[in-house]
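Colleague: Before we start, here is the structure in question, set down as structure tokens.
Only the coordinates and a few stated rules stand behind these numbers; no lab work does. Quantities reported herein were computed from a predicted structural model and do not represent experimental measurements. Virtual Cβ from ideal backbone geometry, glycine too; neighbours counted across all protein chains shown.
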Ligand SMILES: [Zn+2]
């Protein structure tokens, strides 16, 4: 997608006249190009960018192009987050948003910049449609957003929280599972809700993937409708006819086992809901499922930050982090600290057993076992040829503790804690996501590729902290100084 020329105020000082003189030509001198596939770092080279594409790499002359001095910098592909939700403002429900239009407007201005600030130039919203993403993609300074169409099973998660009167309109691409034998509500034609019909409708909307859900309930619940293996297999086949992988919401053992058996395209959560009490060594059925995932090469997005997004609502000092001030406006951070923003944490403290646990063991305690399990499962996959895909699930729920851009940066730390090497993390955030979603123009630094690139002052194959040292974000060939993307 082509973006228009940026106003000079957004550019670094050296590049102010970029749009006025040959604005579609950029020359990066003497940068070290990082190979996203094998993690090697090349010798210093020049890169010429024309019309938003990488035109040439080598020992080149700048001509009349604007020049960035890349000496001492590392050039990497722009990052791809394969699991985001771009509607609304994190941590604010619909009523709160209606009551605070100015806050919302200011936040929505900053959110795309927060993603770019942390190096993400491409996002995949796992539950959206072309109409909802049109406004996002019309902004000049925003990552390019793609979407999955959501195909929940009828009356299942997440639409079961909606009143029946609107449920079938809000998520029109729901699936009727013949194996479920549920009564079909009046006015619904099951022929429009087969895997083939739903995949066709989602493809017609321009989606790059299909998202469905295997969720039988949270906590002690387990009675919500879930897709049968046959339905999942039929959906995988129907999606493949349109080049769309099926992404499965699955974070429990039965959910991941169903995804592994059915051969879905990817699981979009790590495995944190399983029985073993110590939760640090996968055994039994957990181990069998992880083995099957690795054997079939079914990718998993660990999304460890989902649990931190809940946990950190209990952290009395969370909002004091300096990193938040770069990604969100001060007005919104103030609102989070007030009554409206704190209501979520209050509700969480009221969960059965939470108050006692927090009083006795500290605010982190309720989420310790789940985090230990998902880290253990991720570590196992990493060490046993499992496929990990990068997706942060930002925001995973109604929480301010999955902030745009920054949450993905935190997810990088979670991967490192699970034993993933920095070079593998880089590959997952670039080449592997590009390949999985079919973004042929993205994911590596090579002639002909789209010029979504980053220049870092440190080597990201050595240490994850290099992602805090982004100097330039190059979006469709246009360089943006990182500082200008900050909310401060
Ligand atoms: Zn999600």
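Colleague: Just the Kirkwood number for segment 226-325, please: inverse of mean 1/r across all distinct Cα pairs, in Å, one decimal.
Modeller: One decimal place: 15.2 Å for the Kirkwood radius.
Colleague: Also, quick follow-up: Provide, for q = 0.16, 0.21 Å⁻¹, the log10 of I(q)/I(0) from a solvent-free Debye sum over equal Cα point scatterers in segment 330-488.
Modeller: Treating every Cα as an identical point scatterer, log10 I(q)/I(0) equals -1.13, -1.43.
Colleague: How many nm separate the modelled label positions at residue 222 and residue 134, each set 7 Å beyond the Cα in the direction of the Cβ?
Modeller: Simple spin-label model gives 4.5 nm for this pair.
Colleague: Right, here's the next one. If one puts a single equal scatterer on every Cα of segment 399-488 and applies the Debye formula without solvent, what log₁₀ I(q)/I(0) results at q = 0.17 Å⁻¹?
Modeller: One equal scatterer on each Cα of segment 399-488 leads to -0.86.
Colleague: A follow-up question, please. Beyond 17 Å, what share of the Cα-Cα pairs of segment 238-278 remains, rounded to the nearest whole percent?
Modeller: When all Cα pairs of segment 238-278 are counted, 35 percent exceed 17 Å.
Colleague: Using Cα-Cα distances under 8 Å and only pairs 6 or more residues apart, what relative contact order does the chain have, in percent?
Modeller: Contact order relative to length: 22 percent.
Colleague: On to the next question. Is segment 308-403 best put as rounded, prolate or oblate by its Cα gyration tensor, with a ≥ b ≥ c the root eigenvalues, rounded for a/c under 1.5, and otherwise prolate when a/b is larger than b/c, oblate when not?
Modeller: It comes out oblate by the Cα gyration axes.
Colleague: Please express the shape of the chain as an equivalent ellipsoid: the semi-axes are the square roots of 5 times the eigenvalues of the C-alpha gyration tensor, given largest first in whole angstrom.
Modeller: With the √(5λ) rule applied to the chain, the semi-axes are 37, 25, 24 Å.
Colleague: Quick check: the angle from helix 406-417's long axis to the longest principal axis of the chain, C-alpha only, nearest 10 degrees?
Modeller: The helix 406-417 is inclined about 80 degrees to the chain.
Colleague: Quick one: compute the contact order of segment 193-348, relative version, from alpha carbon pairs under 8 angstrom and 6+ residues apart, as a percent.
Modeller: After rounding, I find 17 percent.
Colleague: Further question on the same structure: What's the center-to-center distance, using Cα atoms, between segment 430-472 and segment 212-230 in Å?
Modeller: Centre-to-centre distance over Cα atoms comes out at 36 Å.
Colleague: Follow-up. For segment 34-184, give me the percentage of DSSP beta bridges that are antiparallel, rounded to the nearest 5 percent.
Modeller: In segment 34-184, DSSP labels about 40 percent of beta bridges as antiparallel.
Colleague: Also, I was wondering about something else. Restricting to Cα pairs below 8 Å that are 6+ residues apart, what does the relative contact order work out to for segment 344-488? Please round to a whole percent.
Modeller: That works out to 14 percent.
Colleague: Restricting to DSSP H runs of at least four residues, report the calculated mean residue ellipticity at 222 nm for the chain, -39500 (n - 2.57) per run over all residues, nearest 500 deg cm²/dmol.
Modeller: -9500 deg cm²/dmol
Colleague: Continuing with the same structure: Just to be sure I understand: if I project the alpha-carbon convex hull of segment 80-183 onto a plane and average over all orientations, what area do I get in nm²?
Modeller: Value for segment 80-183: 7.9 nm².
Colleague: Can you sort 373, 482, 160 so the residue with the fewest Cβ neighbours within 10 Å comes first?
Modeller: Arranged by neighbour count, lowest to highest, 373, 482, 160 become 160, 482, 373.
Colleague: Of all alpha-carbon pairs in segment 198-271, indicate the percentage at a distance above 14 angstrom.
Modeller: It works out to 56 percent of all Cα pairs.
Colleague: Please work out the Cα center distance from segment 54-133 to segment 263-309, rounded to the nearest Å.
Modeller: Computed from Cα coordinates, the inter-centre distance equals 29 Å.
Colleague: What order do you get for 445, 104, 84 when you list them from fewest to most C-beta neighbours inside 10 Å?
Modeller: 104, 445, 84
Colleague: Based only on other Cβ atoms within 10 Å, what is the fewest-to-most ordering of 33, 28, 166, 68?
Modeller: 166, 33, 68, 28
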